[in-house]
Amino acid sequence: VVGGDRGEDVGLVTYTWCETKDGTVEGIGLCGASLTRSIGVGTGTVLRLAMPVEIIQLHSALASLERRAVEVCQQRVLEFALPMVIVDAEYQFDKKKLTFFYESQQRLDFRDLVRDLFKTFRARIWMEAVE
């Protein structure tokens, strides 16, 4: 469990950062191999190990809620007559943030949609374009 965007999220550690003897920061993969490319120094904080029940919750309950969120959001998109398609949704682990991934051929003003989705889901709404 890590500190997420204004809450908690669950993730899998694939790289860690360590300071070398000469003072530089280097990314190390789980297998111990050094990174061949720079992906930037992470700023997140690991709060604790996720408990087995939280992993089960992540794979079942949250996945079900996310599928329902896609359906509801796509219906709202039709009601607002926005030229976009909702591709996926992802809850932050603590359900304080809900990200919708969408495709669109143009820039959109979806502020009214976001307000409506907030009223429905009672979570911070984030819209992320995918290509």
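Tell me the helices (runs of 4 or more DSSP H) entirely within the stretch 50-131 that contain at least 2 residues that are at pLDDT 95 or above and among the basic types (Lys, Arg). Walk me through how you get there before you give the answer.
Numbers: elements: 52-59, 61-79, 111-121.
Per the criteria, 61-79, 111-121.
Mind counting the residues in the stretch 64-85 that are among the small types (Gly, Ala, Ser) and loosely packed, with under 12 Cβ neighbours inside 10 Å?
Adding up the residues that qualify gives 2.
Mind listing just one residue for me: the one in the stretch 86-131 that is over 25 Å from Gly4 (Cβ atoms) and surrounded by 13 or more Cβ atoms within 10 Å (Cβ to Cβ) and, of those, farthest from the chain's Cα centre (by Cα)?
Filtering the stretch 86-131 down to residues over 25 Å from Gly4 (Cβ atoms) leaves 104-109, 112.
Filter once more, so that each one left must be surrounded by 13 or more Cβ atoms within 10 Å (Cβ to Cβ): 104, 108.
Working: Ser104: 20, Leu108: 21 Å.
Going through the qualifying residues, I end up with Leu108.
Within the stretch 44-55, track down each residue that is exposed (fewer than 11 other Cβ atoms within 10 Å of the Cβ) and over 20 Å from Arg124 (Cβ atoms).
Arg48, Leu49, Met51, Pro52, Val53
The values are calculated or read from the model by the stated rules, or taken from the named source; none is laboratory data. Values in this document were obtained by computation on a predicted structure and should not be read as measured data. Positions of Cβ are generated from backbone atoms using ideal geometry, with glycine treated the same way; all protein chains shown enter the neighbour counts.
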